[in-house]
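Peer 1: I have a structure here, written as C-alpha cells, and I will follow up with some questions on it.
The values are calculated or read from the model by the stated rules, or taken from the named source; none is laboratory data. Keep in mind it's a predicted model, so treat the numbers as computed, not measured. Glycine gets a Cβ as well: all are built from the backbone with ideal geometry, and neighbour counts include every protein chain shown. Side chains are part of the model used for accessible areas, which takes the heavy atoms of the whole protein and leaves out ligands, DNA and RNA. Shrake-Rupley method; radii C 1.70, N 1.55, O 1.52, S 1.80 Å.
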Amino acid sequence: GENVEQHPSTLSVQEGDSAVIKCTYSDSASNYFPWYKQELGKGPQLIIDIRSNVGEKKDQRIAVTLNKTAKHFSLHITETQPEDSAVYFCAASIIGGSYIPTFGRGTSLIVHP
Amino acid sequence: EAGVTQFPSHSVIEKGQTVTLRCDPISGHDNLYWYRRVMGKEIKFLLHFVKESKQDESGMPNNRFLAERTGGTYSTLKVQPAELEDSGVYFCASSPPGHWGTEAFFGQGTRLTVV
C-alpha cells in the first residue's frame with residue numbers, strides 16, 4: 001500500500017519568514033495530493049491540492065509543488081503570520097481507484113510574532 | 001449548512017470500559033470515513049461507509065472496534081473493551097458520491113483517553 005513520509009515534524013519560524021514542508025510517497029499510481037491544516041480544537045481542513053498532471057499550484061501565500069519522478073511534493077507558505085500556526089498534513093490518493101487518502105504524520109508549524 | 005459533527009469532543013474512560021463515538025455527516029454525503037490519529041503519528045484510515053454499507057474496513061485494528069451506520073445517516077464507532085493503546089483522536093469525514101476531493105470534510109474529532 002501507499003506510504004507517505006512527512007518532514008519536519010516541527011517547524012518554528014519568525015513572522016514574515018517562509019515555511020516549507022516536504023512529503024514523499026511510495027505508490028507511483030497516486031495522482032491526487034491534498035494538504036490539510038488542523039487548528040487547535042478543529043478537524044483537518046483542506047487548504048490546497050494538486051493533481052499529478054500539474055507541477056505547481058499557487059493560492060495567495062501558499063503553493064504546492066509536485067515532482068512525480070522523485071515522488072515528492074512540498075507545501076510552501078510565504079510571509080507567514082501567527083494565524084498560520086497549526087498542524088499541517090499531506091496526503092496521497094488515487095482518483096478513480098482506491099481513492100481513500102494516506103496521510104503523513106503531520107508538521108506542527110509555529111509562527112512567532 | 002452544518003458541517004460534519006462529532007460527539008463527544010472528549011472522552012476519558014478506564015481500561016475495560018466501553019465507549020461509543022458518534023458522527024453526523026454532511027447531509028447528502030453518501031461516503032463516511034473514520035480515521036484515528038495517535039499522538040504524533042499519521043492520520044490512519046479505519047473504515048469507509050457508502051451509505052449504510054461498509055465499503056472498506058481494512059483499517060479497523062481488531063474486533064474490539066465496531067462501526068455502524070444505520071439508515072445511511074449518522075455513524076457510531078464503539079470500542080469494547082477499551083485498551084490503553086486505543087487512546088487518540090478519532091476523526092470522521094464525509095464526502096459526496098465519487099472520489100475523495102475538495103468536497104471531503106472532516107469533523108472536529110473526538111479525543112479518547114483510556115486510563
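Peer 1: Where in segment A:65-113 are there strands (runs of 3 or more DSSP E), lying fully within it, with 1 or more residues that are touching a Pro at 6+ places or on another chain (Cβ under 8 Å)?
Peer 2: Result: A:86-92, A:107-112.
Peer 1: Suppose we filter segment A:43-54 for residues that are surrounded by 16 or more Cβ atoms within 10 Å (Cβ to Cβ), free of Cβ contacts under 8 Å to residues at least 24 places away in the same chain and facing chain B (nearest Cβ under 10 Å); how many remain?
Peer 2: Residues in segment A:43-54 being surrounded by 16 or more Cβ atoms within 10 Å (Cβ to Cβ), free of Cβ contacts under 8 Å to residues at least 24 places away in the same chain and facing chain B (nearest Cβ under 10 Å): 3 in total.
Peer 1: A further question on this structure: For residue A:40, which of the numbered conditions (1) closer than 15 Å to residue A:7 by Cβ; (2) open to solvent by 60 Å² or more (accessible area, probe 1.4 Å) fails to hold?
Peer 2: (1)
Peer 1: Here is a follow-up. Which count do you get for residues in segment A:99-113 that are surrounded by fewer than 18 Cβ atoms within 10 Å (Cβ to Cβ) and within 11 Å of chain B (Cβ to nearest Cβ)?
Peer 2: Here the count works out to 1.
Peer 1: Now, a different point. Look through B:30, B:56, B:24 and report the one residue that is within 30 Å of residue A:49 (Cα to Cα), among the acidic types (Asp, Glu) and in contact with a helix residue (DSSP H, G or I) (Cβ under 8 Å, 6 or more places away or on another chain). Please lay out each step first, then the result.
Peer 2: Values: B:56 fails: in contact with a helix residue (DSSP H, G or I) (Cβ under 8 Å, 6 or more places away or on another chain); B:24 fails: in contact with a helix residue (DSSP H, G or I) (Cβ under 8 Å, 6 or more places away or on another chain).
Residue meeting the stated conditions: B:30.
Peer 1: What residue, among those in segment B:37-46 that are touching a Gly at 6+ places or on another chain (Cβ under 6 Å) and open to solvent by less than 40 Å² (accessible area, probe 1.4 Å), is farthest from residue B:69 (Cα to Cα)?
Peer 2: Of everything passing the filter in segment B:37-46, B:45 is farthest from residue B:69 (Cα to Cα).
Peer 1: Checking the conditions here, which among B:18, B:110, B:102 is within 11 Å of another protein chain (Cβ to nearest Cβ) and open to solvent by 60 Å² or more (accessible area, probe 1.4 Å)?
Peer 2: The conditions single out B:102.
Peer 1: Now a separate question. Among the residues of segment B:34-89, write down those that are of a type in the set (Gly, Ala, Ser) and in a loop (DSSP other than H, G, I, E, B).
Peer 2: B:40, B:58, B:59, B:82, B:87
Peer 1: If you check residue A:40 against the conditions, is it facing another protein chain (nearest Cβ under 10 Å) and either assigned to a loop (DSSP other than H, G, I, E, B) or in contact (Cβ under 8 Å) with a residue 12 or more places away in the chain (or both)?
Peer 2: Against the criterion (facing another protein chain (nearest Cβ under 10 Å) and either assigned to a loop (DSSP other than H, G, I, E, B) or in contact (Cβ under 8 Å) with a residue 12 or more places away in the chain (or both)), residue A:40 does not qualify.
Peer 1: I'm told residue B:30 meets every condition in (1) open to solvent by 60 Å² or more (accessible area, probe 1.4 Å); (2) touching a residue at least 24 places away in the same chain (Cβ under 8 Å) except one. Can you identify the failing condition by its number?
Peer 2: Exception for residue B:30: condition (1).
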